[in-house]
Structure formats: C-alpha cells, structure tokens
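The values are calculated or read from the model by the stated rules, or taken from the named source; none is laboratory data. Computed from a prediction, not measured in an experiment: that's the story for all the values here. In this analysis, Cβ positions are derived from the backbone assuming ideal geometry, glycine residues included, and neighbour counts consider all displayed protein chains.
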Amino acid sequence: MNAADLFALLPLLLTAGTAVLVMLAIAIVRNHALSLWITLVGLAASFASLWPIERLLPRQITVLLILDRYSVFYFGLILAATFVVSLLCYGYLKIHAERREELYVLLTVAALGSMVLVASSHFVSFFLGLEILSVALYGLAAYLATYRRSVEAGIKYLILAGSSSAFLLFGMALIYAQLGTMELARIATLVTTIPNNPLILVGLVLIITGIGFKLGVVPFHLWTPDVYQGASAPVTAFIATVSKGAIFALLLRYFYSSGAQSIRPVFVVFAIVAIASMIVGNLLALLQNNVKRILAYSSIAHMGYLLVAFEAGGSMASRAIAFYLVAYFITTLGAFGVITVLSDTERDADALVDYRGLFWRRPVLASIFTVMLLSLAGIPLTAGFLAKFYVVAAGVSGAAWVLVFVLVTSSVIGLFYYLRVLVTMYTRTSDVFPSQPAFHPAGAVLISLTVLLVWLGVYPAVLLDLVRTVLPISGG
Amino acid sequence: MILLWFIVILLAGGVLAWMVGHWSALASRWIALAAVCADFVLGLVTWVQSTSRVSLLEQPAWIRQLEWSWMPQFGIHFHLALDGLSLLLIMLTFLLGVMSVLASWSEIQEGVGFFHLNLLWVLAGIVGVFLAVDLFLFYFAWELMLVPMYFLIAIWGHERRVYAAVKFFIFTQLSGLLMLIAILALYFSHHQVTGIYTFEYADLLGSSLSPSSAMWIMLGFFVAFAVKLPMFPLHTWLPDAHTEAPTAGSVVLAGLLLKTGAYGMLRFVVPLFPEAARSASPVILVLAVIGILYGAILAFAQTDLKRLVAYTSVSHLGFVLLGIFTWNRLALQGAVITIICHGISTGSLFVLVGALQERLHTREIDRMGGLWQTLPRLSGSGLYFALASMGLPGLGDFVGEFLILLGVYQRSRVLTVIAAIGILASTFYALKFVQYAFHGPNTHEWRLPDLSLREGIIVAPMVVVLLWLGLYPQPVLNTFRPAMEALEQHAAVTMQALRR
C-alpha cells in the first residue's frame, strides 16, 4: 500500500472521518444543525473526491478492495442518496426525537459500509462491509426508541440480518474449504475448472440466501414490510435505496466476474427468485392499506425486475441495472420523502386514508408523489419508464423470454396499487384538515428529486453515457 | 420545426392552463381553447402548403420532418414526420380538441385547471403518436396518452369512474408492454442481420425476419393496436371507459384514441410485417366482421345513451379493421375516410348526449322521449349524426363504409355480405336512438333550454364537415393518397425482401 493507494481511498476515508467528526462534535456540543452540516459537508467532500481519484482507476488496493469505475459510480450513488436522506432526517427528527444527533453518525457509518461492499473483491471485505452496514442499520431502524413499532422493526431486522449473515459465512466457508481462496479474482479462475462441485454449489446457494435476505427478495422477504412500516420514513428510504442498492451492486460484481451467474443451477435459482419476487411482491401489495407496506412490496417486485436484467447477462444488463438503480434511488427517496414531510408528531403518514384528497389540499406534494408513483409504475416522462425499458431491452437481448413476460404481466398487476394510491390522492373530500406547515426543509429536496427524475426521463443521454462505463468485471 | 410546435403548444398550453386555473377557471378555459385553436390554424396552414407542393415520388413521402438525436447510445432519434395520413389525423385531433374544450365549458366545474392540463396533454400524446416515426418515440407517446386519459376518467367521470379508469389503464398498459417487447425484438433481430441498432421506422421497413418470428413480433404490435381499436374480443374496456368518462373524455376516446389503434395497424403492422399480416388476415377479417355485427346488436340493446354510442364504435371500427386487413386501394381509402368520419360523427353524438345529460341529469333512454318539442335544435342535430352513423348516403360515413365494402368484395363475397348486414343493423340502433329519445309524446313533460350558442358552435362545423366528406371527399382522398401509396409500396418492398 502506497500513497497513491491511500489517495485512491479518499472517498472511504472522508466518509469514515465524517462519522468520527460528528461523534466528536456531539461529545463537545449537542447541536442538531451542526451535526447535519458536518454530515452534509463530509458527504459532499467525499463525493467531490470521486473526480480526482478517477485517473488512478482501476486500482486493486490490497487484496480486499478494488476501485474501478464501477465502484466509483456506486460510491457516487450511495453518497448522493445518503446526502438526501440526511436532509430528510433533519426536519423529521426535529419533531420526533429527543436525541437527534447520533442518527447522522449511524447514517454515515452505514454509507461507509455500503461503499466497502461495492468496492469489495474479497470475502473478508464483503463481510466487513456488510456488517458495518447492518449494525448501523439495527440502530437506525430502532432509532425512535419511544415508538413501539420502531423497536419492533429494529429487533426483527437484527434477528433476520444476523441469521442471514450466518448463512453467508457458512457459504463462504464452504467455498473457501473447496478452493482455498477468498479472493474474487482467484475464485473466478478456479470455479470454471470444477464446474459442478456440490460443495461449491451449496456454498453459492448459501451466499445467495444471505444476499437474498438483504435484498428482501422472495422467499426471504418477510422482514421487508414490517421493517419498512416500523422504521421512520427517512430511515426506510435509506434501507430501501442505499442498503439494497449496494448489495445488488455487490451481487452483480461477484456473480458476473466469477462467472457463477452462468452456472446452470445458480441461473435457475435466480430465475425462480426473480419470478417469485415479481409475482408475490406485486400481488401482496394489492392487499395492503398502508402506503409504507405498499412501497415495501413494490420494492420486492422491483428487486425482481432487477434480477431479470441480472439473469439476461452481458454488458447491457449491467448498464441496465446501473440505470435502473439510479432511477429507483431517486424515486424511492422521493416517495419516502413525501411520507416524511406528511408525517406529524403522532405517527408516520402511512395509512392510505392520510392521502385522501391530498391533491386538493397540498397540490405540490401530491404532484411530487404522483410523479414518483408513475415512475415506480414505469410511465413515460419519468426515469422509471426508461429504466424499465432498459431492463426489458436487456431481457429481450438475452432472450430471457419467460422472465420478460412475467415482468410485463406482473408490472401490470403492480399498476393496480399505484393507481389505487393515485385515486385516493385525487378523490375529493369535504373533510376539514388541520392546516399544515407551509414549508418543510425537505421540500426543496423533493422538488429537485422530481426535476431530476423528469429530466432523466426525457433526456437521459448524459446518464446513459455514464452507465456505459460501469462494468462489474475488474479491469473493465 | 412546425411538427414540434404542434406538440409543444399543447404541452405548454396545458401547463399554463393549470397554473392559471388556481385563480380563474375561465382564463384556464380560454388558454386551453387558444392553444388548441393555434394548433388547428397551424395544421390548416401546413395542409394548404402541402397541397400546393408538387407531389414528389420520393420515398418515404414525408411532407415535413424533424430529426434530432435523442439517445444515440440506443440509436434512438427524436424523429417526427408528417405525411398525408398523419396530417389528416392531426387535423382531426385539433378539430375534436377544440370541440372537447368547448364541450366541457359548463360541464367541468371542479379542478378546471388540472382538467385542461390533462386534456391538452392527452391531445399532445395523440399528436405524438401520429407523428412519431421512431419506434421508441412512438411507444413513448403511446404510453404518454394513457395517464392524462386515466385522470380525465378517474377524476371527472361519472358514477363508476374509478373502475372504468383502472380497467382502461390496465388493458392498454398490458397490451402496450407486449408491443414494447415486440419493438425490442424487432430492434435486436434487425441488429443481428445488419449490425445496426436503430428504432428508425424507415430502416426497419424491409428488415428480414424469419416467418415465425415475424408472426410473433407482428402479434405483439397487433395486440396493442387491437385493444385500442378495439377488436372484438378485446373491446370490453371500451363501453365502460366511454360511458364513465366526462363528455370531453368520451369525445377524445372515441374520436381519437381508437384511431391511434387503426393508425398503428396502417403505419406499422402491415408495412413492417406484410407476410405475417397476410397470413393472419383470414382470422382478423372474421373477427372484424364479428365485431361489426356484435357492436351493432349490443348497441341496439343498450338503454344508456352513452353506452349505446360506445358500442356503435365497436361496430364502426370493425369496418376500419376489415378495410385495413383487406389491404387493397379501395378498402384502404374507405378505412381512412371511416376513421375520420367516425371521429366526427361519434364525437358529435357524445357531445349531444353530454348536453342531454347536463339538462336531464340522466342518460337513460327510457326517461326521455318527445324531446323534439322542447329541444328542436338539439334533436335535429341528433337525428343528423345518427343518420350519418348509420351510413346515410350523402354523409361522410357512407363513403367510407361503401369503399370498404367495395374493397372487401374483391377479396371475399361472404364477408362483404355479412358486413353489409352490419350496416343494416346500424339502422336499428340509430333509429332507436332518435325514436326513443326525441320522438313520441313528451311523457315526462321536459321543459329545457335548447342548444346554446356555444353548443351550436361545436356542432355546426361537424355538420358541415360530414356533409363535405359525403359529397366531395376528393381533397381528403388526394391528401392521403401519396401516403397510402407509400405504405402499400413499403409493404410490397418488404414482401419482396422476404421472398429473396
């Protein structure tokens, strides 16, 4: 490890430093605004450091981390999303929690864990990153300790994430026992020499199980709706975007560069998981009356759509996934942002009735939510449409016909519940509602997210150029 | 550039109408009206200019076009082009657009700004569909018309509006996604043969496909258009959507949205996949004839006036489908004339039924009767459009259906005879409509205001246009002839490429 290596690690170091700095600041003076500012500046600095390190790419740093355009792209995505979540948290915490500042520590630590994940090229860094992320998430999910649901969400997430980590470790151990290495690059060369070794297959399936838990895909999805509902809205936004996105990026890197994705049994397992996620996610969402739970099931379905592209394989697939994740991040942050803004001191605004006639009361907020929902449903003028188009294109180019048809039909089922929320918002009501605060600090964030979403939906050429360079194969 | 203006004026007018709507509903209406009228005038100017041009025999026969790079990574262009066929259809769009803004003048009282936003955006999407010659852009516009239409039905519709809106959305979205898969399959198979990634219509014409994949891809397109058209077993969304929509929504649905399906068949299905279309045509023709009879019979059985008019659309669009898949000169001319005339006559019928509902607060035909005494002008126009709809010689619909039947006769006599029975059946529902609603004793003792000046302004041009098309359709035929010849030629070229 030399100075250039250290310099290349700047984004990670800055993020870690931010966490420490916020912690120290809390020890000296408890000030909510100050903590937020330190976090924002730290995240922005880390984001800015992505440019100077670009000329050093690609770079293998020890055996643990690989910094290439792929990791840098996802660094950017994670940092930007964390930035938005911090802003959303500010207004939310002001009215909810007494101890507000520590949340930013947890948030930056979780971002750090995610960044380690997307850059990992070794089982050790994989596991370390995952645990840094998970442990921070336990704290985040249960952050509002006076709310019963929040604690319940935290404990549920703790138990399930803990057991999934155990699966993951066991899987890694089996592969290590068979191949004698934990390095991704070496596994890739060794795995092809012994294609159908049962222990490796079992190991892979156990790793898939562990990852599946984190992604919340069927049949490992049971925690998703409860945690989404229980955790506070901005934290849910974080879990839905950064945590899932980072794990998906990791999944793509591991299975593509090791060639494991093309092993027949693994392919079949993923196909089943994808189909089940799309169908179950969309069907169960139909039965919900809670907006957070609807979004939870919808995220299960979206992970299924992503897996369709994953299954199709090829460079088009990894680009499609990168594009999809960007659109999904913006949309999910926007949707949970609206919930955050609507929430009052009593509880989160997550019941469908809270949205009755929203358009006639708060047209701007309702319009933003409309755009987000339409993007989730994949309707034009939003980035969600192009993302879905890209994924279907990847599926068709890989001739994954069954998966593409399931995607199409299940996304039509999905329309039902998005439309249901829409209809609710546009229903006229004669009820009198208490006057709401006119301005929320998150308002500006939401408007910029909406503008970004529409811009990407209409003129995506810039992002398309960017994702072209994002290839998970090392050295690419 | 003018092609872009057609769309931008509508989009911008919609947003402006929405913003102004917070302060003044009336201003919002005027802005919407001005936007559509501006487009109409622009369209007229383009039309007049195009007739004075010498028709060049270049291929494809675009009058105007506009091409910008959009997503070069995929070979997607923002490519709009106008030929005679699309020119007529966008003129129809603007005409009915003016009509629907005027028709909602007093009907829509809540959320006026947002209503006009949706109305103008739906029109913009429709214009986009008629102008797009990049398949991706086409799909983009195709999907874009759905959401505003959904809102029009779901927010300002009648009793069962949410059910109807969701049903409409689901039907069109599912079929649209099937078309997306077909578009992508065409895109990738074109790449396999030529090594070029393109969504360009002109490039994809004559793309060589194996017969079986051509059939599958053709079916993907066909289903999307057949749902919109609607073809017989896929029509079930139509009566609900048409009935529950507000007047402007029904006008746009019947007059324009259905036409996008017919347009898609004409522009894409047959020219891109002539061989597949030909081998599927026996089945499609039979379904078209079933649709003609089925729509007419069910229309006769309705007691809800809007539903009655809605089912007549199924019948008339059956004729259009029959004409398109017969694919000879006469039948195609007939199909285009029918598309236009049906838009006008059915649109007007929906306006009249809307006017009746505003006065009577019911659409049930049993609650009417004898309205002629109190509403002479409205009843007179009702009779006129009902006669047009049943194909009275001298009015536009007759010309269209007559030409279609002539064309079909060359292909199959049996189908011609059965389809002609459909015209007979249309007399029943048209006369039922007139007889029960307007004639007879005024048993319910209705005393109502007759057509206002505004409503008169809506109806009068339609009367004139239908008469013009019925007596002297030649200018219209001349306008779209080069376009139709180009389409026929595309189909022939593609067919030859396949044979090679």
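Scanning region B:366-386 for residues that are at pLDDT 85 or above and surrounded by fewer than 21 Cβ atoms within 10 Å (Cβ to Cβ) yields B:R377, B:G380, B:L383.
Of B:K306, B:K259, all but one fail to be buried (at least 20 other Cβ atoms within 10 Å of the Cβ) and farther than 19 Å from B:M145 by Cα; the exception is B:K306. For region B:266-305, the set of residues classified as of a type in the set (A, V, I, L, M, F, W, C) and part of a loop (DSSP other than H, G, I, E, B) consists of B:F273 only. Being assigned to a strand (DSSP E or B) and among the small types (G, A, S), is that true of even one residue in region A:349-363? Looking for residues that are assigned to a strand (DSSP E or B) and among the small types (G, A, S), one finds at least one in region A:349-363, hence yes. Can you confirm whether region B:384-392 contains a residue that is of a type in the set (S, T, N, Q) and more than 24 Å from the chain's Cα centre (by Cα)? Checked region B:384-392: no residue is of a type in the set (S, T, N, Q) and more than 24 Å from the chain's Cα centre (by Cα). Scanning region B:212-234 for residues that are modelled with pLDDT of 90 or more and out of contact with any helix residue (DSSP H, G or I) (no Cβ under 7 Å at 6 or more places or on another chain) turns up B:W216, B:L219.
For A:T181, state whether it is in a helix (DSSP H, G or I) and modelled with pLDDT under 90.
Judged against the criteria, A:T181 is not a match.
For the criterion of being of a type in the set (G, A, S), surrounded by fewer than 19 Cβ atoms within 10 Å (Cβ to Cβ) and more than 30 Å from A:Y90 (Cα to Cα), A:A188 passes. Residues that are more than 10 Å from chain B (Cβ to nearest Cβ) and aliphatic (A, V, I, L, M) within region A:410-424 comprise just one, A:V421. Taking region A:109-121 as the search range and keeping residues that are part of a helix (DSSP H, G or I) and more than 15 Å from the chain's Cα centre (by Cα), which one is surrounded by the most Cβ atoms within 10 Å (Cβ to Cβ)? So, considering only residues that are part of a helix (DSSP H, G or I) and more than 15 Å from the chain's Cα centre (by Cα), the one surrounded by the most Cβ atoms within 10 Å (Cβ to Cβ) is A:A119.
Highlighted here are the helices (runs of 4 or more DSSP H) found entirely within region A:219-301 that include at least 3 residues which are touching a Phe, Trp or Tyr at 6+ places or on another chain (Cβ under 6 Å): A:233-238, A:264-286.
Checking each residue in region B:148-171 for being surrounded by fewer than 24 Cβ atoms within 10 Å (Cβ to Cβ), of a type in the set (V, I, T) and either touching a Leu at 6+ places or on another chain (Cβ under 8 Å) or more than 7 Å from chain A (Cβ to nearest Cβ) (or both) picks out B:V166, B:I170. Residue-level check: of (1) in contact with a helix residue (DSSP H, G or I) (Cβ under 7 Å, 6 or more places away or on another chain); (2) in a helix (DSSP H, G or I), A:R100 misses just (2).
Please return the ranges of helices (runs of 4 or more DSSP H) entirely within region B:393-489 where 1 or more residues are more than 28 Å from B:Y294 (Cβ to Cβ). It would help to see each step written out before you state the result.
Values: elements: B:396-411, B:413-437, B:453-471.
Where helices (runs of 4 or more DSSP H) fall fully within region B:393-489 and carry at least 1 residues being more than 28 Å from B:Y294 (Cβ to Cβ), they are B:453-471.
Being at pLDDT 90 or above and surrounded by fewer than 24 Cβ atoms within 10 Å (Cβ to Cβ) narrows it down to one of A:I159, A:I247, so name that one. From the options A:I159, A:I247, the qualifying one is A:I159.
Applying the selection to region A:72-104, what residues are β-branched (V, I, T) and buried (at least 22 other Cβ atoms within 10 Å of the Cβ)?
Scanning region A:72-104 gives A:V72, A:I78, A:T82, A:V84, A:V85.
When B:H316 is tested against (1) of a type outside the set (V, I, T); (2) touching a residue at least 12 places away in the same chain (Cβ under 8 Å); (3) out of contact with any Asp or Glu (no Cβ under 9 Å at 6 or more places or on another chain), just one condition goes unmet, and that condition is (3). Scanning region B:146-159 turns up at least one residue that is under 15 Å from B:S250 (Cα atoms) and charged (D, E, K, R). Among the residues of region A:48-59, none qualifies, meaning not one is assigned to a helix (DSSP H, G or I), crowded, with 20+ Cβ neighbours inside 10 Å, touching a residue at least 12 places away in the same chain (Cβ under 8 Å) and of a type in the set (S, T, N, Q).
Pick from B:S189, B:S207, B:S213: which is out of contact with any Lys or Arg (no Cβ under 8 Å at 6 or more places or on another chain), in a loop (DSSP other than H, G, I, E, B) and surrounded by fewer than 24 Cβ atoms within 10 Å (Cβ to Cβ)?
Result of the check over B:S189, B:S207, B:S213: B:S207.
Pairs meeting the criteria (first residue in region A:393-409 and within 9 Å of chain B (Cβ to nearest Cβ) and within 13 Å of A:S315 (Cα to Cα), second residue part of a helix (DSSP H, G or I) and of a type in the set (F, W, Y), beta carbons under 6 Å, at least 6 apart or on different chains) are A:S397/B:F188.
Taking first residues from region A:27-39 that are part of a helix (DSSP H, G or I) and partners that are buried (at least 16 other Cβ atoms within 10 Å of the Cβ) and acidic (D, E), the Cβ contacts under 9 Å between residues at least 6 apart in sequence or on separate chains come to A:H32/A:E101; A:L34/A:E101; A:S35/A:E101; A:S35/A:E102; A:L36/A:E101.
For region A:371-382, a residue qualifies if it is within 9 Å of chain B (Cβ to nearest Cβ) and either among the aliphatic types (A, V, I, L, M) or over 20 Å from B:W142 (Cβ atoms) (or both), and the qualifying residues are A:L374, A:A377, A:I379, A:L381.
The sole residue among B:F6, B:F74, B:F40 that is within 23 Å of B:I340 (Cα to Cα) and touching a residue at least 60 places away in the same chain (Cβ under 8 Å) is B:F6. Against the condition at pLDDT 90 or above, more than 15 Å from the chain's Cα centre (by Cα) and assigned to a helix (DSSP H, G or I), how does A:V72 come out, does it pass? It is true that A:V72 is at pLDDT 90 or above, more than 15 Å from the chain's Cα centre (by Cα) and assigned to a helix (DSSP H, G or I).
Residue-wise test of (1) within 14 Å of another protein chain (Cβ to nearest Cβ); (2) surrounded by fewer than 24 Cβ atoms within 10 Å (Cβ to Cβ).
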site: B:L66; (1), (2): no, yes
site: B:Q73; (1), (2): yes, yes
site: B:L89; (1), (2): no, no
site: B:L119; (1), (2): no, no
site: B:V127; (1), (2): no, no
site: B:D134; (1), (2): yes, no
site: B:A141; (1), (2): yes, yes
site: B:M145; (1), (2): yes, no
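What's the total number of residues in region B:184-196 that are among the aliphatic types (A, V, I, L, M) and more than 9 Å from chain A (Cβ to nearest Cβ)? Here the count works out to 3.
Residues that are touching an Asp or Glu at 6+ places or on another chain (Cβ under 7 Å) and surrounded by fewer than 24 Cβ atoms within 10 Å (Cβ to Cβ) within region B:319-365 comprise B:E358, B:R363, B:E364, listed in sequence order. Within region A:138-178, restricting attention to residues that are hydroxyl-bearing (S, T, Y) and assigned to a helix (DSSP H, G or I), which residue is nearest to A:T209 (Cα to Cα)? Once the filter is applied, the top-ranked residue is A:S164.
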